[in-house]
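Single-structure report; data block below.
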Amino acid sequence: MALSRGEVEHIAELAKLALTEEEKALYAEQLSAILDYFRKLQEVDTSGIAPTATVLPIRNVFRPDEPGEPMPRERLLQNAPAQADGCFQVQPILEFE
Amino acid sequence: MIGLEIHAELQTRSKMFCPCPVVDSTTAEPNRYVCPVCAGMPGTLPVPNRRAIEWTILTGLALNCEIAEYSLFYRKNYFYPDLPSEYQRSMYDYPLCLNGYLEIETPEGSKRVRIRRVHIEEDTGKLIHIGGVTLVDFNRAGVPLMEIVTEPDMHSVEEVKAFATALRTLLRYLGVNSGDMEKGVIRFEANVSVRPKGETRLGTRTEIKNLNSFRALVRAVDYEIRRQIEIVRSGGRVEQETMGWDEAREVTVPQRGKEHAHDYRYFPEPDIPPLVISREWVEEIRAMLPELPRARMARFEQVYGLTRYEAALLTEDHRVADYFERAVTLARQEEPVVEPRTLAAWITGELFRLMNEANREIQDVRVSPESLVGLIRMVQRGEINMNTGKLVLREAFETGEVPHRIVEAKGFTQIRDVEALREIVLQVIKANPKEVESYLRGKEGVLKWFVGQVMRATRGQADPQRVNELVREALEARRAARSSEDPR
Ligand SMILES: [Zn+2]
């Protein structure tokens, strides 16, 4: 199953990746090969089998509702590309207001 | 036809997947309540908050839902700066609660609005747009958020309002959400579609977002219904789109720019094992259900003899209902007994008026149920009249002082000493011979004028009924005296 260039561009857009023309061609080929490989799974008859979210036998892992110590703000912000007023600063978002 | 989607934060002590405290995100210092988990740092492990799950099931039970036996968190993937991990955890295909309903009051009687589903997701951070940049505060990121989705069962703005109010009241009764729209802890979105009478196919629906007050919700739905009817009438077609509510211009406008890449690539959250909800657990949670608003309203009508209207007013906020019932208990303990209906009238009348004026909620009212009952007793015993009672209530409301002290301090006590009152009446009659004359000549209306004069002389502290009797008595005595003098 061959992925079109358009599909590769869409996937790259969803993952916020900027690809060169060479990369698009390369990934179209590689992703197609991966999909072909997975197609083998579709040959298995799964009717009557409930969807499986996990193969681990663990269920219901919870914590009690008890507040704990948050992280010092200085540490939280130390990797921020930019900060102001104790906040992460990002490129302006044009939002409906 | 209108359906609603409601996002209500669960006001647990800690966040959904980490122990960071849940705080008021409108007042807390930004980014003080964040940890590596809710900041979406790699290598962290989210662990669900048990109480948030229980509260969601509790809400589902109160909404007459079926509770799922199996539930699962998914990752909803998209890029936006308010979402630190670039995915939002949400029970996508496996909501905890399904197929319920909420009963509301409409002018045509009560009606059921069906609930399609109730599930948990995590709230996002907050974006602050300021001076050409965007700042991000993650205090709210990871706060448990309950999503409640209705079927499109509402047919008018009034029904939307009734539903929104009833749901907010219910969440408050359950103690899971304060219902404070200004603080953003509960948020509404509306789906609106219209269809001509007799048409069975559904019209194209639009979705309205950005509704941050009850007023905005009601106005936006009203506007959108009229906009769509206009389009259909003029032979046009309604576009399926997402609208925003422009508060300033009071119109809905298409929200552009966000429709790209609506491909969330949901997949099961591998870090959170599935949830299996045993029936024993559900029953334990059911046992936690308090008396719900409608049941309490019905009880107030039956047990206290209130009207539906009074019962509805008193039960809309459970703290008001608690206040009323505390007063009812106190009112029965001593003579003179104050009737529940009298209490209801004072609370929904005078007290609500004062609360509205001061924009104060019942928990901030400084007149205790004890004080209110004491005040009403003074009126019933005739120590003060009704008008003075209202004045004293206002004073108590403003100062927090106990009513009987206010009455003493201000000399408000009604003149009950009949002799003292008779003295004043006689003085007033003596000072106004002309008016006495016209009364004796048959002008009955003058009696009222005399009562007014006496009330003024006593600074309103006399019982008007009693004054009336005394004035009539004195004037008639004059008449009798005159006819015995007159030999004729
Ligand atoms: Zn955290």
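The values are calculated or read from the model by the stated rules, or taken from the named source; none is laboratory data. Note that the structure is predicted; figures quoted are calculated from it, not measured. Glycine also receives a Cβ, built like all others from the backbone with ideal geometry; neighbour counts cover every protein chain displayed. Quick note on the areas: whole protein, heavy atoms, side chains included, nothing else; ligands and nucleic acids left out. Shrake-Rupley method; radii C 1.70, N 1.55, O 1.52, S 1.80 Å.
So the values come out like this:
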| quantity | calculated |
| --- | --- |
| B:D24 accessible area, 1.4 Å probe, all protein chains in place, Å² to nearest 10 | 50 |
| Estimated inter-spin distance, B:S483 and B:T44, nm [label 7 Å along Cα→Cβ] | 9.7 |
| On Cα atoms only, tilt of B:157-174 relative to the major axis of chain B in degrees | 90 |
| Per residue accessible area in Å² of the protein assembly as shown, where ligands, DNA and RNA are left out and the probe is 1.4 Å | 53 |
| Whole-Å distance, taken between Cα centres, linking the range B:173-241 and the range A:26-73 | 36 |
| B/A buried area, accessible surface, summed, 1.4 Å probe, Å² | 4000 |
| Solvent-accessible surface ranking, highest first, for A:L76, B:L289 at 1.4 angstrom | B:L289, A:L76 |
| Any cysteine of chain B lacking a neighbouring Cys Cβ under 4.7 Å - listed by number | B:C18, B:C20, B:C35, B:C38 |
| Degrees between helix A:5-14 axis and first principal axis of chain A (Cα, 0 to 90, nearest 10) | 30 |
| R0 of 51 Å, Cβ-Cβ distance B:E334-B:K183: FRET efficiency to nearest 0.05 | 0.80 |
| Sites B:E239 and B:E29, calculated FRET efficiency, Cβ-Cβ separation with R0 35 Å, nearest 0.05 | 0.25 |
| Computed lengthening from B:M288 to B:S368, 0.36 nm per intervening residue step minus Cα-Cα distance | 26.0 nm |
| Summed side-chain charge close to B:W55 - residues other than B:W55 whose Cβ falls under 12 Å, Lys, Arg +1, Asp, Glu -1 | 0 |
| Taking chain B and dividing mean pair separation by its residue count, relative contact order in percent (alpha carbons under 8 Å, at least six apart) | 12 |
| Positive minus negative residues near B:S213 (Lys, Arg vs Asp, Glu; Cβ under 13 Å) | +2 |
| Between helix B:293-304 and chain B: long-axis angle, C-alpha atoms, 0 to 90°, nearest 10 | 20 |
| Label point distance in nm, A:E74-A:K24, each placed 7 Å from Cα along Cα→Cβ | 4.8 |
